[in-house]
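Scroll down for the structure; my scribbles are underneath it.
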Amino acid sequence: MCGIIGITSSKPVSSSILHSLKKLEYRGYDSAGIATIDNGIINEIKSLGRVDVLEKNISQINLSGEVGIGHVRWATHGIPSTINAHPHSNENISVVHNGIIENSVILKKSLINKGHKFKSETDTEVIVHLLSEYLKSNELNNAIIKTLNDLDGSFALGIIFKDMPNIIVGARRGSPLAVGYGPNENYLGSDSYALKSMTNKITYLNDGEFCIIKKDEINFYDYMGNKVNKKILQLSTNEQNYEKGEYKHFMAKEINEQPLTIKNCVNEYIDKINNEINLHNFPWKKENIKSIKLIGCGTAFHSCLIGKYWFEELTNIDVDIDIASEFRYRKNRFKEDCLYIFVSQSGETADTYAALDLCKKNKMKTCSIVNVVESSIARDSDFVLPIHCGPEIGVASTKAFLGQMMVIYLLCLKISYLKNNIKKSDYNKKIKNLDLLSEKVKKTIFDENQIQTISNTFSKAKGSMFLGRGFSFPIALEGALKLKELAYIHAEGYPAGEMKHGPLALIEDGMPVVVVAPKDQYYKKTISNMQEVIARGAKVLLVTNKDDDQIVSENIWKKIEIDTVEKDLYPFLTTLPLQQLAYYTALKKGFDIDKPRNLAKSVTVE
Ligand code: AGP
């Protein structure tokens, strides 16, 4: 995947651009380059291979200039080479680009007929000459609008100008682009990772928008040139977020950052104009993926299990899951048309890394879904899908779980659509539903008193069961894991339909049992399983929708009500009260919330 960075400042920018390009190395690339404007000259340096090679080349000259753009390129049009590396420049402007210009051949022909000379084989270079052409007879904004209107395909652009040395233009259609706000300097980046080392204040461009960035102001415009006002997001991604802020614990902060996690994923992966999911140069053709295997540990494994249900529900491809510590020693039958997906918040879990290494040794396709893009698992997999939830400090994973589920769901939807397993109308509807999910998550994070009474009872319990069917079964497992690892109470997640095959013997009078039963296709069956445990004395906490079913209501001990959403999306809501239940139970018991006994945030040993 390509990566973009741009900086306009009151001080030289080349070293900051290089530093940010290193943050983008996770995206996978084959060349890199920088261009700055200094004393009315465009200075362009490009190199094949790693950013370190570029850095070495730059160190041999003094690359000055207080405005510049940088790029790491993953070749699409034109072989990996220095000449095809970005930026692409002529004597007036310099451009970096993510995406594909689908009508570049036609545009190139007409520009050559007008006398333009091309140096590279890339689609990107047509933008340089097209914009130069329009600038001959239009002021800047109109020239930008005309240029963008002529382009078919997807792009995120960064552009600098010899004659306007204090600005950077950014434009987005189908490929994410964000701006960042700094002290007497401002930034452009292809994702939050590009910007996080310099700022945590960012604004995402929407598709069709462009912006003009100066060191002390940024203006946004829609595709017709009308000015638009945009919100500045406070990203939980830079050093300041290693603080708890007004929260008592990192876990409390991270529970409350979950709406932003959803929003970040929507901004980074959804192209709202074309109502498309953009997986940024997903490197495999759909026909080469006949099956998928999701692998992880702990909470990450639970997101894999939910992924299995989504893939079974929405696609026709075979999907399997495995716990990494089991997979790595199993007598695996490796299949070359299988995509092996490794889910890991830290990207350093030893078992998950060993499973990845085993697949690479067998020349399998590997993709990682991680939060730390500089991690070993990310660096060593063929393709990375970040979950964009910012640093997760609390050992008990919360926002990373939601981020993992979100990225797995987006991947599942995209593959379902590519394989024609889902109608375009349903695909579009599901994408639109994701736009509303952040607000739904926010509404489902309850305040303390709604959960505290319940957690008081759990704090005295000897043990508990968490039951669910279908999508709610992994949520039951995750809820039980949270109670175990935070409140040190034995809790077991179980498929609700399995209780009568043995575990029902565990139920005794007054035992708290959590039943996860949103109004999905499994609701009625789960409610009847719930009656089985109530009949044997269990105190049931039911997590369900706002309910008018009296029979259900009079029998249960407590109910937590969630909003109605599309059935696929219930896991994003039902997991939230279970996180808070574990949090407040551990708080009641006076345990160390952020560093539970015996546990580490990243299990880097076997
Ligand atoms: C979850 O609350 C735990 N901290 C633990 O199960 C964790 O999910 C597991 O160790 C995997 O970690 P990873 O996502 O960093 O690979």
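Based on the alpha-carbon gyration tensor of the stretch 33-131 and its eigenvalue square roots a ≥ b ≥ c, which shape applies: rounded if a/c is under 1.5, prolate if not and a/b is larger than b/c, or oblate? Please report the intermediate quantities before stating the final value.
Numbers: a/c = 2.41, a/b = 1.44, b/c = 1.68.
It is oblate, given that a/c is not under 1.5 and a/b is not larger than b/c.
Residues with amide H under 5 Å of Val515's amide H, sequence separation 5 or more or different chain, H placed in the peptide plane at 1.01 Å from N; which?
Sorted by chain and number, the residues that satisfy this are Leu467, Leu541, Leu542, Val543.
Output the relative contact order of the stretch 1-148, whole-number percent, from Cα pairs under 8 angstrom with separation of 6+ residues.
Relative contact order of the stretch 1-148: 23 percent.
Quick one: check the C-alpha center-to-center distance for the stretch 463-520 versus the stretch 161-202, whole angstrom.
Using only Cα atoms, the two centres lie 47 Å from each other.
Considering only DSSP beta bridges where both residues belong to the chain, give the percentage that are antiparallel (nearest 5).
60
Please report the spacing between the Cα centers of the stretch 20-80 and the stretch 558-599 in Å, no decimals.
One Cα centre to the other: 45 Å.
In the neighborhood of Asp123, defined by Cβ-to-Cβ distances under 11 Å, what is the net charge if each Lys or Arg adds +1 and each Asp or Glu adds -1?
Spelling it out: positives minus negatives among the neighbours equals -3.
Mind putting a number on the dipole of the stretch 104-183 about its Cα centre? Charges go on the C-beta only, +1 for Lys and Arg and -1 for Asp and Glu, and I need it in Debye to the nearest 20. Before the final figure, lay out each step's value.
Working: 10 positive and 8 negative charges, 28 e Å.
Dipole size: approximately 140 debye.
Send over the per residue convex hull volume for the stretch 436-540, Cα only, as a whole number of Å³.
Taking the convex hull of the Cα positions in the stretch 436-540, it is 108 Å³ per residue.
Going by alpha carbons, how many degrees (0 to 90, nearest 10) lie between the helix axis of 424-443 and the longest principal axis of the chain?
70
Taking only DSSP H segments of four or more residues, each worth -39500 (n - 2.57), what value at 222 nm results for the chain once the sum is divided by all its residues, to the nearest 500 deg cm²/dmol? Show your work: numbers first, answer last.
Details: 19 runs with 218 residues, N = 606.
Rounded to the nearest 500, it is -11000 deg cm²/dmol.
Could you state the angle between the C-alpha long axis of helix 14-23 and the longest principal axis of the C-alpha atoms of the chain, as a value from 0 to 90 degrees rounded to the nearest 10?
Helix 14-23 and the main axis of the chain meet at about 30 degrees.
With N denoting the number of residues in the chain, provide Rg(C-alpha) divided by 2.2 N^0.38 Å, to two decimal places.
Dividing the Cα radius of gyration by 2.2 N^0.38 Å gives 1.03.
If you wrap the stretch 403-452's Cα atoms in a convex hull and average its projection over all directions, what's the area in nm²?
4.3
May I ask you to order 126-132, 254-260, 555-561 by the average number of other C-beta atoms within 10 Å around their residues, highest value first?
Listed from highest to lowest mean packing, they are 126-132, 254-260, 555-561.
Take the stretch 381-516, drop everything but the C-alpha atoms, weight them equally and run the Debye formula without solvent; then report log10 I(q)/I(0) at 0.12, 0.16, 0.17 Å⁻¹ to two decimals.
For the stretch 381-516, the Cα-only Debye profile gives -0.67, -1.04, -1.11.
Of all DSSP beta bridges located in the stretch 244-361, what percent are antiparallel, nearest 5?
On the way: 2 of 13 bridges.
Rounded to the nearest five, the antiparallel share is 15 percent.
Can you give me the Cα centroid spacing of the stretch 431-460 and the stretch 317-395 in angstrom?
The stretch 431-460 and the stretch 317-395 have Cα centres separated by 30 Å.
For Ile112, what charge total do you get from the other residues with a beta carbon under 14 Å from its beta carbon, if Lys and Arg give +1 and Asp and Glu give -1?
Taking every Cβ under 14 Å from that of Ile112, the sum is +2.
Just name one of Thr261, Asn420, Thr457: the one whose Cα is farthest towards the positive end of the charge dipole of the chain (beta-carbon charges, Lys/Arg +1, Asp/Glu -1).
The residue sitting most towards the positive pole is Asn420.
Quick one: net charge around Asn92, please, counting Lys, Arg +1 and Asp, Glu -1 for every other residue with C-beta under 13 Å from its C-beta.
Around Asn92, the surrounding residues sum to -2.
Any chance you could give the angle, 0 to 90 degrees and rounded to 10, that helix 125-135 forms with the longest Cα principal axis of the chain?
Tilt relative to the chain: about 60 degrees.
Mind listing the long-range amide H neighbours of Glu276? Cut-off is under 5 Å, sequence gap 5 or more, other chains count too, H placed in the peptide plane at 1.01 Å from N.
Under 5 Å from the amide H of Glu276: Asp271.
Sorting check: for 424-433, 159-168, which peptide has the highest mean count of neighbouring beta carbons within 10 Å, and how do the rest follow?
Output ranking for 424-433, 159-168: 159-168, 424-433.
In this model, which of Lys519/Lys559; Lys335/Lys365; Lys11/Lys214; Lys399/Lys589; Lys462/Lys482; Lys201/Lys263 are farther than 19 Å apart at the alpha-carbon?
Lys399/Lys589
None of the figures in this text is laboratory data; all of them are computed from the coordinates on show. On a predicted model such as this, the values are computed, not experimentally measured, just so you know. Virtual Cβ from ideal backbone geometry, glycine too; neighbours counted across all protein chains shown.
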